[in-house]
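Reading through the structure tokens given below for one structure.
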Amino acid sequence: MANADCIVIQGSNMAECHPVGFQWVTEAKARGARVIHVDPRFTRTSAVADKHLPIRAGSDIVLLGALINHVLSNDLWFHDYVVNYTNASNLISEDFEDAEDLDGLFSGYDEESGGYHLKSWAYQTEDSEGQDSRGEASDDAAGRGVDNHVFGVEHEHAKGAKQRAEAGGDKFGSGGAPVGGGASVRDETLQHPRTVFQILRRHYARYTPQMVREACGISEADFEYLARSVTENSGRDRTTCFAYAVGWTQHTLGAQFIRTASILQLLLGNMGRPGGGIMALRGHATIQGSTDIPTLFNLLPGYLPMPSVTQQSFSDYVDGIRTTEQKGYWANAEAYAVNLLKAWWGDAATAENEWAYDYIPRINGAHGTYQTLMAMLEDKVEGYFLLGQNPAVGSANGRMQRLGMSHLKWLVVRDLNMIESATWWKDGPEIASGELKTEDIQTEVFFMPAATHVEKSGSFTQTQRLVQWRHQAVAPPGDAQSELEFFFELGKRIRQRLADSEDPRDRPLLDLTWDYPLDEQGEIDPVSVLAEINGRFETGENAGEPLSSYGQMTADGSTSGGCWIYAGIYADRVNRAAMRVPGWQQDEIASQWAWAWPANRRILYNRASADPQGRPWSERKKLVWWDEESRRWTGKDNPDFPVDRDPSARPGPDVAGPDGLAGNDPFIMQADGKGWLFAPKGMLDGPLPTHYEPQESPVANPLYAQQQNPTRVMFPREDNLSAASGDAPGTDVYPFMFTTYRLTEHHTAGGMSRWLPYLSELQPEMFCEISPELAQLKGLEPYGWATIVSPRSAIEVKVLVTDRMTPLTVAGKTIHQIGLPYHWGAGTDAVVTGDGANDLLGITLDPNVQIQNFKTGSCDILPGRRPRGAQRNELVREYQQRAGLTVRTGMDRITDPERELNQDPLRARDSGDTAGRSTAYHPGEHPEDQPANRPADQEEDT
Amino acid sequence: MVRNRVRAEVYPVPMTRFSPMEWPVIRQLRTGDRTGRSSAVESQHTRDLTARTATADRVVQSICPYCAVGCGQKVYVKDERVIQIEGDPDSPISRGRLCPKGSASEQLVNSPGRQTQMLYRAPGASEWQPLELDTAIDMIADRFLESRRRGWQDADEDGRPLRRTMGIASLGGATLDNEENYLIKKLFTAAGAVQIENQARI
């Protein structure tokens, strides 16, 4: 970031939440960069930025889309970069219809499943001749996406919800979706109306500065400033960097926020270059590592997907990840999967038993943390492990979280401190309200003290993929244990208990490689686990030696490795995560401080830092380049490209894998080597980002009849009600917006900060930030108490009146936004306690990644403390009744079926029915008074 | 609500030595402190202070456990106890800096409120009770297998094999080590548990 000429921080308060990382923004500024902060609040980040643009939370796609429009209509895009390195010139199927033409829906929407058929979004290929893309591209998607599942059974309406579940984006892994074989049709003049470039142009044509003013509350002059700053600081000599955090992700279309920025950065040629890119500022020490080597339901290590129920054979599974014709490194997915299976099941994984593929359980839908919560509430989950996580405070709809845990038979909480998720049964808000009685709660709770970061050795992967080793400083005190030791021990005892079992379901546990060496203290040696993750040769003269790169992985069982992208971290038996050559003894890349995956490359896709001929775009921005003499890629960073691939190489369409990458295909993990302006596959809610309003919004969508993301995941339940949006009746009951965020002095749900006296003293109390205008409007006293009521809960907060909050004028209305830090929770053990902001939030998820909306909600605010005991719920209920809320409120998938669905020619063709709409969604079918707590599989889909 | 857990420590102030050599002007001349704002005005108490870091038995390189910037830390250990944690100037990421949380991380280790004892809450009980760690792991292993069995699904309604259990779930891991997450996923997957989730989703 220090090399950027302009930095736009949007959806992040970097100075507050990543203060030490922010020194690089300051460094860039000292070198002359312009820093712009786009955020609903004026924060510590805004204070040092050149300009702060207050924005209405959740309207970011309008702003970014308007920047795209500005770049395209003023011919400010980076021509050579866009033509060579992106899919701008690809032609898209003739069947594709844009959201602009269908009032907010793309072609292929399926009302039954609430998802899209992706076939009309596909590339035109030479064999499809641009007319019918249902050919190879769609067939290739077998077992993978919405396309196949929903398409194949689309007339079995009763199964809509199930199809949707099986079709989730959870199955993609990170390689995204393969595109089909066959040469794609391209028009490098970019003039053909079906080119991605022209589609993009049309899609964003209405995203104008005036629309930005209307939707985001940002003036035309401020937009002009932003647009000029970004475009004047992009090109051969200059680069612009975007930085975001959960202000972009925690929405019902979070993944699309980031896609919009990606499109803009590709058009401006800012990807893969120093000072460019999009910086994801992640919030936990190894939140990056915990997706690389995931504890996530949908992934196996290295972004390999969890097998779906539809992939019963190993070849089905591998075909679901890659096609044999595709370019790039995902084409070798079979080797990566075989290596993982060999690492886990050793000699029990053989070619004959498909490498023990059947030992892996199958998923058949989303089993995310919120779906699991619904299952808990139905008594389907008996045991729950919480590993350094405090969902009673940190997850959406805290009341549901706590009630869910009360349905468990047993709960294991492993933490440093006695967090609220361990004590809700005696001091939670539901005990206070009388909803739960301690003596009636049958849940057994095990509190297990955990080791801190200095009491164990291991690696964290930070936000730029840098894996850094920590050395143990002291032994854990008392009964405290590392997770490594606990799970190793638990695994041993589980295996002992099953030792004589002949049940085939126990084979995966018994055949598991679980014989790790012990260190001097008799505990499992973490370096041995790192070595397994790295991988080794199983046979041949090097048997037992570590692999030095994932290129050495084979699909014949002669190598093993637990996470292919980490291969090389233990090359030559050296723990490279522990490399510690001081930064001041190295250049800016600092490649000898720790190790970055993959292959210690510090900037991904850095081939794009050179022009199509392999020369740096400019002296000022040189990073890697093609050296004619040695005929190799070289430079300051490790090239993220086949090191000997000549820039002029153009392998034919029949050459697959890494060998198929042309010299101008920098995006080596994409199936076509290009940066995707338009996503023909991989996104479940549209190939192009398009603006929808948040689940709860004070305004109607200014762009489309479609109000919210039509594919969002909803849980319509009595305990998860939504407010109405726009001008619908009852919106005046919850007239204000709130948004949640962090403070420097606390960490997430407080488990690592509210028990520390120093930090508690620095930020002792839960508060809200409101504007002087709102304080006056509602009679709120500075530093007095206020009660905030949402359709889910009522909380009390201290009032901070500050002009850091700006009322915005959007769609002719004055929009007041309330800021809420979310670190506090109601319990009795922490040094500081308070009401939890997340209790106010409902559960609505992004369909691609199942992340919850945390950043926007509707509420009311009134002076004084909230009622105590059962009266707290009474207040919430009184508001719900006044607003006329039912489980259907805000839960319509299609806002205006007549307007939107009747315009979809593709759908009309499929069903042969353009008028009757016998299968269309009928709001009237759903009784208003649905009982609460219906099974989630019926409710999740409308 | 704020609860104070830390007792203020009172430092003993040693008596100032009464000697002409310690008179301020002479002291200033003696030490060459021309402005009288440096060594000449240092008290004996200050002179007797030594940085904790200077007397540590060893210094261990570590990484801050809070956000994902990954700042380098130096952990100072004396008598097998962490006495101080400071920023690591060698780190090209943080260049020696730590934020308030990273600076307070010594308290994360030594906080008076930290729980280091295994505790158990029986069904219907209104309080915790102590439990042997070893017994607890045995109890959890038993419950794990029992719930795994009860929540087992061999196949879906169309007869397609699932071979999994829905009886066990897990959440957490973004502050755990890569090696720990690896073992957790490996063990749970082999046991057929699929509802394994992480802060990374949240």
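The values are calculated or read from the model by the stated rules, or taken from the named source; none is laboratory data. What you see is a predicted model, and the numbers here were worked out from it, not measured in a lab. Quick reminder, even Gly has a Cβ in these numbers, built from the backbone with ideal geometry, and neighbours come from all protein chains shown.
Taking the criterion of being buried (at least 18 other Cβ atoms within 10 Å of the Cβ) and polar (S, T, N, Q), the residues of the range A:180-233 that qualify are A:184, A:195, A:198, A:208, A:229, A:231, A:233. Name the pairs: first residue in the range A:46-62 and without any contact (Cβ under 8 Å) to a residue 60 or more places away in the chain, second residue small (Gly, Ala, Ser), Cβ to Cβ under 7 Å, at least 6 apart or on different chains? Cβ pairs passing all conditions: A:48/A:15; A:52/A:46. For the residues B:126, B:103, the requirement of being out of contact with any Ser or Thr (no Cβ under 8 Å at 6 or more places or on another chain) and of a type in the set (Ser, Thr, Tyr) singles out B:103. Could you list, in sequence order, all residues of the range A:579-593 that are touching a Lys or Arg at 6+ places or on another chain (Cβ under 9 Å), more than 8 Å from chain B (Cβ to nearest Cβ) and either within 16 Å of residue A:529 (Cβ to Cβ) or aliphatic (A, V, I, L, M) (or both)? The answer is A:589, and nothing else. Across the range B:176-202, the number of residues qualifying as facing chain A (nearest Cβ under 7 Å), small (Gly, Ala, Ser) and either closer than 25 Å to residue A:355 by Cβ or in a loop (DSSP other than H, G, I, E, B) (or both) comes to 3. Looking at A:532, A:538, A:545, A:502, just one residue is acidic (Asp, Glu), closer than 27 Å to residue A:332 by Cα, surrounded by fewer than 18 Cβ atoms within 10 Å (Cβ to Cβ) and modelled with pLDDT of 95 or more, and that residue is A:545.
Against the numbered list (1) over 24 Å from residue A:593 (Cβ atoms); (2) at the interface with chain B (Cβ under 7 Å from one of its Cβ atoms); (3) touching a residue at least 12 places away in the same chain (Cβ under 8 Å); (4) within 34 Å of the chain's Cα centre (by Cα), residue A:505 comes up short only at (3).
Counting only residues that are polar (S, T, N, Q) and part of a loop (DSSP other than H, G, I, E, B), the range A:246-287 holds 4 of them. A Cβ distance below 7 Å, combined with a sequence gap of six or more or placement on separate chains, defines the contacts here; from the range B:130-145, residues that are assigned by TED's automatic domain parsing to the domain that holds residue B:169 reach residues that are acidic (Asp, Glu) and not in a helix (DSSP H, G or I) in the pairs B:133/A:479. Here the range B:164-175 is the region considered, the condition is being touching a Gly at 6+ places or on another chain (Cβ under 6 Å) and facing chain A (nearest Cβ under 7 Å), and the residue that is farthest from residue A:292 (Cα to Cα) is B:167. For residues in the range B:126-143 being more than 8 Å from every other protein chain (Cβ to nearest Cβ) and not acidic (Asp, Glu), which is surrounded by the most Cβ atoms within 10 Å (Cβ to Cβ)? Taking the candidates together, the pick is B:135.
If I filter the range A:224-238 down to residues being within 27 Å of the chain's Cα centre (by Cα) and not polar (S, T, N, Q), which single residue comes out as farthest from residue A:87 (Cα to Cα)? Checked the range A:224-238; the qualifying residue farthest from residue A:87 (Cα to Cα) is A:226.
Of all residues in the range A:190-238, those satisfying the criterion of being free of Cβ contacts under 8 Å to residues at least 24 places away in the same chain and assigned to a loop (DSSP other than H, G, I, E, B) are A:191, A:193, A:219. Restricting the search to strands (runs of 3 or more DSSP E) fully inside the range A:672-791 and requiring at least 1 residues that are in contact with a His (Cβ under 9 Å, 6 or more places away or on another chain) gives A:736-741, A:767-770.
Restricting the range B:144-170 to residues that are part of a strand (DSSP E or B) and of a type in the set (S, T, N, Q) leaves a set whose member that is surrounded by the fewest Cβ atoms within 10 Å (Cβ to Cβ) is B:153. Among the residues making up the range A:22-44, a single one is among the acidic types (Asp, Glu) and buried (at least 21 other Cβ atoms within 10 Å of the Cβ): A:39. Among the residues of the range A:341-383, the ones that are among the charged types (D, E, K, R) and closer than 22 Å to residue B:145 by Cα come to 6 in all.
The residue that is surrounded by the fewest Cβ atoms within 10 Å (Cβ to Cβ), counting only those in the range A:295-306 that are out of contact with any strand residue (DSSP E or B) (no Cβ under 7 Å at 6 or more places or on another chain) and closer than 18 Å to residue A:355 by Cβ, is A:304. Tell me yes or no: at least one residue of the range A:314-324 is part of a loop (DSSP other than H, G, I, E, B), facing chain B (nearest Cβ under 7 Å) and not charged (D, E, K, R). Within the range A:314-324, not a single residue is part of a loop (DSSP other than H, G, I, E, B), facing chain B (nearest Cβ under 7 Å) and not charged (D, E, K, R). Among the residues examined, residue A:512 qualifies as facing chain B (nearest Cβ under 9 Å) and in contact (Cβ under 8 Å) with a residue 24 or more places away in the chain.
Residues checked against (1) of a type in the set (Val, Ile, Thr); (2) outside any helix (DSSP H, G or I); (3) touching a strand residue (DSSP E or B) at 6+ places or on another chain (Cβ under 6 Å):
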site	(1), (2), (3)
A:337	no, no, yes
A:342	no, no, yes
A:361	no, yes, yes
A:365	no, yes, no
A:370	no, no, no
A:375	no, no, no
A:385	no, yes, yes
A:392	no, no, no
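Within the range A:543-556, residues that are more than 24 Å from residue A:315 (Cβ to Cβ) reach partners that are at pLDDT below 95 with beta carbons closer than 7 Å, at six or more positions or on different chains, in the pairs A:549/A:599. Check whether at least one residue in the range A:273-285 is more than 25 Å from residue A:260 (Cα to Cα), touching a helix residue (DSSP H, G or I) at 6+ places or on another chain (Cβ under 7 Å) and not charged (D, E, K, R), and report yes or no. Looking for residues that are more than 25 Å from residue A:260 (Cα to Cα), touching a helix residue (DSSP H, G or I) at 6+ places or on another chain (Cβ under 7 Å) and not charged (D, E, K, R), one finds none in the range A:273-285, hence no. Among the residues of the range A:652-673, write down those that are surrounded by fewer than 17 Cβ atoms within 10 Å (Cβ to Cβ) and more than 22 Å from residue A:334 (Cα to Cα). Hit for the range A:652-673 is A:652, nothing else. Take residue B:107 and tell me if it is among the polar types (S, T, N, Q), crowded, with 24+ Cβ neighbours inside 10 Å, at the interface with another protein chain (Cβ under 7 Å from one of its Cβ atoms) and within 30 Å of residue A:282 (Cβ to Cβ). So residue B:107 does not fit the description; no.
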